[in-house]
Amino acid sequence: MTKTDIRSLNMAELTAEIEKRGLPKFRAAQIFAWLYEKGVRSFSEMTNLPKNLRETLEAEFEIKNCTIDTKLCSAVDDTVKYLFELNDGEYIESVVMKYKYGYTICISSQLGCKMGCSFCASAIGGFQRHLTPSEMLSEIYTAQSDLGIRISHIVLMGTGEPLDNYENVMRFLELVTDEKGLNISMRHISLSTCGVVPRIYDLAEKRLGLTLSVSLHAPNDKIRSQTMPVNQKWNIDELLDACRYYAKVTSRRISFEYAMIDGFNDTDTCAMELASRLRGMLCHINLIPVNTVREKAYRKSNEDRIRRFSKILEQNGLTVTVRRTLGSDINASCGQLRASKRR
């Protein structure tokens with residue numbers, strides 16, 4: 001018998017399951033608290049439930065968890081990188097970063113990735129499957145428990161394309177922001193996409209209040225199509241039209257991610273073309289020194305080139321930051337640890 005993934009149910013669905021079994025409604029609230037507020041890993045931990053109910057739950061439902069396979073701790077900045085093993089023996093990565101305002105976790109949303117961006121380690125080994133809402137939640141619960149902290153911010157920027165796993169990610173967002181669960185503010189959540197244009201429009205209509213981060217990485221279609229196959233389906237004009245719509249409907253600033261690749265997309269001409277495309281949009285540009293990946297030939301731009309690129313954008317009225325590299329001594333960018341496990 002296939003068991004129901006109980007930690008992917010919202011309160012209404014959980015209540016329906018409980019009432020269907022002739023149990024009082026308050027039991028659903030108790031179970032919900034154990035699952036989402038306390039983050040228990042087993043039904044045996046639900047100590048205020050009768051033993052026979054716990055046995056019924058064990059027989060008919062499952063709690064999807066992840067366990068720590070590998071943990072790397074940075075000696076530089078307190079960043080912690082995890083390789084988690086899932087119930088089915090697959091592996092995913094998460095990274096916890098410490099900032100002045102608290103702790104942020106970068107979580108994965110898929111096993112592997114279909115998008116095939118040529119500078120990214122996430123697609124190495126191909127796409128396996130989508131993560132369930134419960135598996136995404138488990139990344140947070142496991143890291144919090146291990147570190148003895150409360151995570152206050154989330155970035156969906158690990159392995160996978162969140163908007164390719166749209167329904168599961170929307171349910172994850174519903175559950176992680178529930179005031180009776182982890183109660184993480186939607187404004188403390190960032191979702192990163194490589195440019196799945198139809199889903200950007202869908203997301204805009206939901207008006208969730210999260211930050212949308214778009215992996216742009218190029219000022220024109222010629223350069224972008226060389227590194228990002230998604231651009232052959234939805235080109236830059238289509239993508240930026242969707243971004244303008246999102247910003248207009250939500251009044252939320254778009255964050256454009258731009259990986260600085262030496263001699264490829266980091267010239268003055270690229271900077272000026274990018275400025276021309278983005279001028280007047282409610283946006284922020286985050287320049288990222290590209291990660292060195294063993295299987296890829298790209299190298300990051302040098303600091304002088306990044307400063308020059310940033311200056312050109314700022315002179316054209318755009319807001320720019322250069323991402324601070326965290327966990328540099330533990331290869332904290334997602335995809336590399338999982339790829340080494342699969343080799």
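Brief remarks on what is shown
- Relative contact order of the range 4-62, pairs being alpha-carbon contacts under 8 Å that are 6 or more residues apart, as %: 37
- A simple count of charges around V96, restricted to other residues whose Cβ falls under 14 Å of its Cβ and scoring Lys, Arg +1 and Asp, Glu -1, yields -1.
- Cross-link partners of K248 among aspartates and glutamates (Cα-Cα below 19 Å; sequence separation of 8 or more within a chain): D202, E205, D237, E238
- The trypsin sites (Lys or Arg not before Pro) of the range 250-281 that DSSP puts in a loop, and whose beta carbon has at most 15 other beta carbons within 10 Å, are R253, R279.
- Crossing angle, helix 303-315 versus the chain [Cα axis fit, 0-90 degrees, rounded to tens]: 90
- Taking each residue as 0.36 nm, the span from N235 to I149 lengthens on full extension beyond its C-alpha to C-alpha distance by 26.8 nm.
- Local electrostatic count at E58 - Lys and Arg +1, Asp and Glu -1, tallied over other residues with Cβ under 12 Å: -1
- Volume per residue of the C-alpha convex hull in the range 27-98, rounded to whole Å³: 105
- Each residue of the range 194-206 was assigned a 3J(HN,Hα) from its phi angle through the Karplus curve 6.51 cos²θ - 1.76 cosθ + 1.60 (θ = phi - 60°); the sequence is 7, x, 7, 4, x, 6, 5, 5, 4, 5, 4, 5, 6 Hz, with glycine and proline shown as x.
- Over the chain: helical MRE at 222 nm, DSSP H runs n ≥ 4 each giving -39500 (n - 2.57), nearest 500: -10000 deg cm²/dmol
- For the chain: span of alpha carbons on each principal axis (Å, largest first): 69, 41, 37
- Taking every Cα-Cα distance in the range 163-244 and sorting them into 10 Å bins from zero, the calculated P(r) comes out as 17, 46, 26, 10, 2 percent.
- Eigenvalues of the alpha-carbon gyration tensor of the range 110-166, scaled by 5 and square-rooted, set the equivalent ellipsoid semi-axes at 24, 12, 10 angstrom, largest first.
- Between Y101 and A33, the modelled label-to-label distance comes to 3.1 nm, taking each label 7 Å out from Cα in the direction of the beta carbon.
- Calculated SAXS-style log₁₀ I(q)/I(0) at q = 0.10, 0.15, 0.18 Å⁻¹ - the range 29-153, Debye, Cα scatterers: -0.38, -0.79, -1.03
- Residue separation of E314 and N183 scaled by 0.36 nm, minus their Cα-Cα distance, works out to 43.5 nm of gained length.
- Computed over the range 99-199, the alpha-carbon pair-distance distribution with 10 angstrom bins reads 15, 48, 30, 7, 0, each value a whole percent.
- Think of each Lys and Arg Cβ as +1 and each Asp and Glu Cβ as -1; about the Cα centre, that makes the dipole of the range 102-244 roughly 160 debye.
- On full extension, the segment bounded by I68 and K25 gains 12.0 nm, given 0.36 nm per residue less the C-alpha separation.
- Our analysis of the range 4-62 gives Rg over Rh at 0.89, with the two radii drawn from alpha carbon positions and Rh computed by the Kirkwood formula.
- Of the GluC sites (Glu not before Pro) found in the range 131-220, those that fall in a DSSP loop while having at most 10 other beta-carbon atoms within 10 Å are E179.
- FRET efficiency, 1/(1 + (r/R0)^6) with R0 41 Å, evaluated for E13 and N220 via beta carbons: 0.35
- ³J(HN,Hα) computed for each position of the range 254-259 - Karplus, 6.51 cos²θ - 1.76 cosθ + 1.60, integer Hz, glycine/proline x: 7, 9, 9, 8, 9, 6
- Centre separation in Å (Cα based) which lies between the range 178-237 and the range 33-91: 29
Read the figures in this text as sums done on the coordinates, not as results from a lab. Everything quoted here is computed from the prediction, not taken from an experiment. For neighbour counting, all protein chains shown are included, and Cβ atoms are generated from backbone atoms with ideal geometry for every residue, glycine included.
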